[in-house]
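Since the structure comes first, as structure tokens, the remarks are kept for the end.
The values are calculated or read from the model by the stated rules, or taken from the named source; none is laboratory data. Since the model is a prediction, treat every value here as computed from it, not as a measurement. Cβ atoms come from the backbone with ideal geometry, glycine included; neighbour counts cover every protein chain shown. Remember, those area values only see protein heavy atoms, side chains included, never the ligands or the DNA or RNA. Shrake-Rupley method; radii C 1.70, N 1.55, O 1.52, S 1.80 Å.
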Amino acid sequence: MQLLTKQSGDKSLFSQSKFIKNCAERIFKQVNADLLHHAKQDNDRIKVSEIKGGIPLNQVSDELKDLSLRLSILTSRHEREIDDAFEAINGLITLIYVLAEIEDNYLRWASSPLGVATISICPKDISQFLKYSLFNGKVPVILTSATLCQGGDTLEEQYSYMTHSLGYKGDFLERQPSPFDYTNHAMMYISNKVPYYHHDQRENYLEAAYKEVVQLCNLTQGRTIILFQQKRT
């Protein structure tokens with residue numbers, strides 16, 4: 001903002017900057033309150049609730065778009081600084097669109113790493129981004145994982161979820177069977193001590209599941225890896 005003001009000589013940018021800063025402080029005040037209420041530790045991710053308090057998000061986005069336009073036509077020997085500011089402002093515009101629910105193709109969450117409230121957003125569909133930034137380059141890309149494939153009669157069907165999700169259609173697809181002897185070295189165990197999950201009986205479910213996990217860990221003498229579907233049940 002200082003660079004733009006200095007280059008353009010437009011003092012009205014000070015009031016514009018003050019308005020945006022004030023709105024940002026009000027947004028993060030609400031996010032901080034949500035974190036204090038819902039997050040149990042700094043690395044917890046919580047849902048960003050609807051922005052309230054009459055914060056004019058549409059006006060904020062308009063002011064940011066005006067700044068973005070001013071930067072795009074600005075000529076200066078500080079090209080690197082201008083490019084960085086232009087990228088940062090456009091990122092803020094996207095964030096405001098997501099918070100205002102104008103743009104709904106993003107995931108959004110809040111956290112407080114190192115005790116500082118942070119709002120993060122991520123596109124729900126990353127296929128186009130990966131396609132143009134990674135897979136269309138000149139450097140060969142190899143994807144390998146134990147979970148690339150799904151069911152299907154053909155390789156195209158087996159790899160279809162991955163190709164649609166990542167925007168990648170490999171030139172060579174090969175599915176290899178697992179060498180692990182599941183028949184002789186695997187067991188499925190379904191506990192009859194853990195009740196079906198119901199939200200209104202969540203604590204009872206968690207207590208029963210916790211006791212069952214501890215018992216299984218004791219039986220295996222700690223040689224256990226436990227996978228969870230999500231961080232919160």
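Table: residues versus (1) touching a helix residue (DSSP H, G or I) at 6+ places or on another chain (Cβ under 6 Å); (2) at pLDDT 90 or above; (3) part of a loop (DSSP other than H, G, I, E, B); (4) among the hydroxyl-bearing types (Ser, Thr, Tyr).
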site	(1), (2), (3), (4)
Gln176	no, no, yes, no
Gln201	no, no, no, no
Val213	no, yes, no, no
Leu227	no, no, yes, no
Lys231	no, no, yes, no
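Would it be correct to say that Leu67 is outside any helix (DSSP H, G or I), more than 19 Å from the chain's Cα centre (by Cα) and within 17 Å of Leu13 (Cβ to Cβ)?
Criteria not met by Leu67.
The conditions of being surrounded by 12 or more Cβ atoms within 10 Å (Cβ to Cβ), touching a Ser or Thr at 6+ places or on another chain (Cβ under 8 Å) and not β-branched (Val, Ile, Thr) are met by Ala110.
Does at least one position in segment 147-165 carry a residue that is under 30 Å from Asn32 (Cβ atoms), modelled with pLDDT of 85 or more and open to solvent by less than 100 Å² (accessible area, probe 1.4 Å)?
no
For segment 121-146: of the residues being of a type in the set (Val, Ile, Thr) and either in contact with a helix residue (DSSP H, G or I) (Cβ under 7 Å, 6 or more places away or on another chain) or farther than 24 Å from Tyr97 by Cα (or both), which is modelled with the highest pLDDT? Filtering first and then ranking leaves Ile121. Being in a loop (DSSP other than H, G, I, E, B) and not small (Gly, Ala, Ser) is the requirement here; does Gln41 meet it? The answer is yes for Gln41.
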